[in-house]
Amino acid sequence: MPHQEEEQTFRSYGKEEGEHYAKRRPDYHPSVYQAIINHHTYTGGKLDTLLDVGCGPGSHAIRALAPQFQHAIGIDPGEGMIEAAKTLLSTEPILTKTSESIQFKVGSAEHLEEIVPNDGVDLLTASHAAHWFDMPVFWRSAANVLRSGGSVAIWASGEIRINPNIPAGRAIQQTIDVFWDRYFKEFIVPGNEMIKHSYVDLLLPWTLPEPIEEFEKDTFYRREWSPSESFFDVENSEVDLDRWEKMMGTGTPVTRWREAHPEDAGTERDPLRMCRREIEKLLHEAGVEKGKETVKGYTKGVLLMIKRK
């Protein structure tokens, strides 16, 4: 694994892109959030202050977890993402009380002390974001802002795979693999590989070159969601190809390809669009009527939880 201080080519989204991301990216299944709260409280964690690091447009983790806390703060290094989060919160509030208890600020995972006071956080979350962090610096900063008994929850999904039991399921997956290797493989960076492999190489406080003693190794919790379980709220349910194309378009390798080929992005020359057309053809050949093309997928997911002494 490359050292996590190396360039990960993190990409910051603008406000409009952040709003699109919020609409297209599926939310996590309630079982993910419940597992986080259950472990946090079972191990003595309090429910006063939540800090969501790499919150993006604030459309998922912080909204799902904030009702459990008195205060919630979402931070992201992208100003566009924070602008989008504030806009979405003001136009689509969950509950008035919850909305008033959430704050969004520009900030980085490596300088949490600039956002919250030391010993001021009960639960620190990072959803599909930790692979961009400088983990040695992050863990030191997290140790400073977490209260004793506080928790860090880090989670991410792996590859989205097509259910082989749908019409032409295996052929559709093969088609997606071919297009991915042909067009997007060169835009994959170490962070993408890290989530693909379920964070097995993510640096933890006790695996750092200079271990951070403030975290408990004995209570470390790792849970993986199997393909038979739902990690996202759309899994094991059919989605039309418009939704599939939008979801796949939120992946950073696709985003990078489109930035490198702006004249083709979103057109019939876009590889994701071409892949969709091939999927449509396979579904039609399998007997699916035009206008009724859907796919069903699944993904593996992983959750890591680490306690502050």
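Selection of helices (runs of 4 or more DSSP H) fully inside the range 1-85 by the criterion of at least 2 residues being modelled with pLDDT of 90 or more returns 30-42, 61-65.
Across the range 137-159, the number of residues qualifying as assigned to a helix (DSSP H, G or I) and either in contact with a strand residue (DSSP E or B) (Cβ under 7 Å, 6 or more places away or on another chain) or open to solvent by less than 30 Å² (accessible area, probe 1.4 Å) (or both) comes to 6.
Considering 243, 277, 308, 222, the condition of being at pLDDT 95 or above and under 21 Å from residue 169 (Cα atoms) is satisfied by 277 alone.
The single condition among (1) under 15 Å from the mean Cα position of the chain (by Cα); (2) farther than 19 Å from residue 306 by Cα; (3) in contact (Cβ under 8 Å) with a residue 40 or more places away in the chain that residue 74 does not satisfy is (3). A count restricted to the range 161-201 and to residues that are part of a helix (DSSP H, G or I) and either over 18 Å from residue 294 (Cβ atoms) or open to solvent by 50 Å² or more (accessible area, probe 1.4 Å) (or both) stands at 20. In the condition set (1) open to solvent by 30 Å² or more (accessible area, probe 1.4 Å); (2) out of contact with any helix residue (DSSP H, G or I) (no Cβ under 7 Å at 6 or more places or on another chain), residue 232 is compliant with all but (1).
Search the range 286-309 for residues being open to solvent by 50 Å² or more (accessible area, probe 1.4 Å) and either assigned to a loop (DSSP other than H, G, I, E, B) or out of contact with any Pro (no Cβ under 9 Å at 6 or more places or on another chain) (or both), and hand back the single one that is nearest to residue 206 (Cα to Cα). Out of the qualifying residues, it is 309.
Within the range 195-204, can one find any residue that is within 25 Å of residue 218 (Cβ to Cβ) and touching a strand residue (DSSP E or B) at 6+ places or on another chain (Cβ under 6 Å)?
Yes, the range 195-204 has at least one match.
The values are calculated or read from the model by the stated rules, or taken from the named source; none is laboratory data. Everything quoted here is computed from the prediction, not taken from an experiment. Cβ coordinates were reconstructed from backbone atoms using ideal geometry, including for glycine residues, and neighbour counts include every protein chain displayed. Please note that ligands, DNA and RNA were not included when accessible areas were found on the heavy atoms of the full protein model with its side chains. Shrake-Rupley method; radii C 1.70, N 1.55, O 1.52, S 1.80 Å.
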